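Asker: I'd like to ask some things about the structure below.
Throughout, read-outs are computed from the coordinates displayed, never taken from laboratory work. Remember, it's a predicted structure, so these values are computed and weren't measured experimentally. Glycine gets a Cβ as well: all are built from the backbone with ideal geometry, and neighbour counts include every protein chain shown.
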Amino acid sequence: MKRLYWFVLDSLGIGGAPDAEEYGDAGSDTLGHIAEWFVKNEGRSLDLPNLKGLGLGAAYQLVHRQQPMGWFEECLTGTFAAASEISTGKDTPSGHWEMAGVPVNWEWVYYPNTQECFPRSLLSEIYSQSGLEGSLANRHASGTVVIEEFGNKSVQTGMPIFYTSADSVFQIAAHEDHFGLERLYQLCELVRGLTLEPLVGRVIARPFIGESGVFERTGNRRDFAVRPPKPTVLELVKDAGHEVIGLGKIGDIFAHVGMTKEVKVNGHSQLWKKTREVAAEGGLIITNFVDFDVLYGHRRDPRGYGLALEEWDRELGRFLEKMLSDDAIVITADHGNDPTWSGTDHTRERVPILMTGGQFSCLGNAGLRDSFSDIGATIGNFFGVEMDEGTVIE
């Protein structure tokens, strides 16, 4: 039984994307700046022995010609590389689709950072078809800040909160009880249908709970993404007769296509738990660890990000102890989200590729890769399927 675990450390960029300046991100460096923050503010280096042993520092060195601050070269046990993205965006679907062998070579629609960012014609159509009297915010905003600012008014008026970011996204926040969770999902489905031409990458339901101005987002977020335009490595591995299990937000990202099973769960501890539980089913097991991005990157919290990395590394060590000799692991990221950077958006960075087990244990330095698609090509090769995009790491 072939089994490969694909772990996406959502937003763990390693800086240095060749085109970062075009995105306003020249100098961004998620891993490097977190490591620097710990040395300068806590007087210690990040404690990541398992990720370092698999080549995280070595992958970083491919980009910067030096290890992150406070790190030293390790004895390596796997294969490491650093990859650049060729897709036009720095968003979650673009990164995941390219990793899965389908680069995004078209332009998503991005809403302008103006006081009223959504077109009035689109809003009028949403109100007409949904029966809403109006909406709140209608601008670029942080998800936590926008519910602090508009949560009370949303509960009082029954109007949902519409907002966006630098990504191609239409986000809708509403109270789970006062507005209704299913009603929120239905509204997002409506908006999804109205934003297919011109094409918006995702419509996201952002439910929250609480009263009297003390609100918090819940784990019932749901992404309404479009389907990748051609088969990803997930679909090809599934068609070859293997199990393909997506955990966390993977199902939403790939529009629920290409998986034999989806496991919707929140929080890193639960994601690890469920990953272990489905291991007996074999095949391709994909887990997205989104808290790095949502809780620490977007909220510009380098300390929280670093501590979460250390806890994740400890879990990885326990996981590695239980691996079978022919199991394989691929660890990577989908974009950057430098918690020391200005604003709250993703950053355009290279990402690490770390591989161990199976045929990957002794390959060593796989160099700088020109596309995330090399990840999909390599995973496909492990399962005996061939991808149109990317070059197998071997």
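Asker: How high is the relative contact order of region 43-118, given as a whole-number percent (alpha carbon pairs under 8 Å, six or more residues apart)? Provide the component values of the computation, followed by the final result.
Answerer: Numbers: 75 pairs, mean separation 16.4, N = 76.
Relative CO of region 43-118 lands at 22 percent.
Asker: Give me a comma-separated list of calculated 3J(HN,Hα) values for region 207-220, in order, Karplus coefficients 6.51, -1.76, 1.60 applied at θ = phi - 60°, integers in Hz, x for any Gly or Pro.
Answerer: Residue by residue, region 207-220 yields x, 9, 10, x, 9, 6, x, 9, 10, 8, 6, 9, x, 8 Hz.
Asker: Could you work out how far the C-alpha centroid of region 19-86 sits from that of region 151-166, in angstrom?
Answerer: 38
Asker: Nearest 5 percent is fine: what portion of the DSSP beta bridges confined to region 120-225 is antiparallel? Intermediate values should be presented prior to the final figure.
Answerer: Values: 11 of 22 bridges.
Taking every DSSP beta bridge within region 120-225, about 50 percent pair in antiparallel fashion.
Asker: Show the residues, 5+ positions off or on another chain, whose built amide H is closer than 5 Å to the amide H of LYS2.
Answerer: Amide H neighbours of LYS2: GLY283.
Asker: Sort 189-196, 81-88 by packing, meaning the average of other beta carbons within 10 Å per residue, with the highest value first.
Answerer: Values: 189-196: 16.6, 81-88: 22.8.
Peptide ranking by packing, descending: 81-88, 189-196.
Asker: Right, here's the next one. Post the alpha-carbon centroid distance, region 87-132 to region 169-216, in whole angstrom.
Answerer: Taking the Cα centre of each part, region 87-132 and region 169-216 sit 14 Å apart.
Asker: Per Stokes-Einstein, at 20 °C and 1.002 mPa s, what whole-number D in µm² s⁻¹ belongs to region 1-86, with the Kirkwood radius over Cα pairs as the hydrodynamic radius?
Answerer: Details: Rh = 14.1 Å.
My calculation gives 152 µm²/s for D.
Asker: Please report the equivalent ellipsoid semi-axes of region 77-139, computed as sqrt(5 x eigenvalue) of the Cα gyration tensor, largest first, in whole Å. Walk me through the numbers before you get to the answer.
Answerer: Values: eigenvalues 278, 31, 27 Å².
In descending order the semi-axes read 37, 12, 12 Å.
Asker: OK, next. I'm a student and want to see the number: the projected area of the Cα convex hull of region 75-182, averaged over all directions, in nm².
Answerer: Working: hull surface 42.8 nm².
Seen from a random direction, the Cα hull of region 75-182 projects 10.7 nm² on average.
Asker: What angle do you read, to the nearest 10 degrees and between 0 and 90, between the alpha-carbon axis of helix 30-42 and the longest principal axis of the chain?
Answerer: The two axes meet at around 90 degrees.
Asker: Still on this structure, please answer the following. Where does region 217-264 land on Rg(C-alpha)/(2.2 N^0.38 Å)?
Answerer: Working: Rg = 11.3 Å, N = 48, 2.2 N^0.38 = 9.6 Å.
Normalised Cα radius of gyration, region 217-264: 1.18.
Asker: Next question, about the same structure. Once fully extended, how much extra length lies between ARG314 and THR114, figured as 0.36 nm per residue of separation less the alpha-carbon to alpha-carbon distance? Provide the component values of the computation, followed by the final result.
Answerer: On the way: separation 200, 0.36 × 200 = 72.00 nm, distance 4.35 nm.
Between ARG314 and THR114, full extension yields 67.7 nm more.
Asker: Based on DSSP H runs of at least 4 residues, each adding -39500 (n - 2.57), what is the mean residue ellipticity at 222 nm of the chain after dividing by all its residues, to the nearest 500 deg cm²/dmol? Walk me through the intermediate numbers first.
Answerer: Working: 12 runs with 129 residues, N = 394.
After summing the helix terms and dividing by the residues of the chain, the value is -10000 deg cm²/dmol.
Asker: Label LYS40 and SER121 with points 7 Å out from Cα along Cα→Cβ: what is the distance between them in nm?
Answerer: In this crude label model, LYS40 to SER121 measures out at 4.8 nm.
Asker: Along the Cα→Cβ direction, 7 angstrom out, place labels at THR157 and LEU194. What is the inter-label distance in nm?
Answerer: About 1.6 nm separates the two model spin labels.
Asker: Excluding same-chain residues fewer than 8 positions from LYS264, which aspartates and glutamates have a Cα within less than 17 Å of its Cα?
Answerer: LYS264 reaches ASP10, GLU182, ASP223, GLU243, ASP252, GLU277, GLU281, ASP291.
Asker: Sorted from largest down, give the three principal axis spans of the alpha carbons of region 149-258, whole angstrom values.
Answerer: 53, 30, 23
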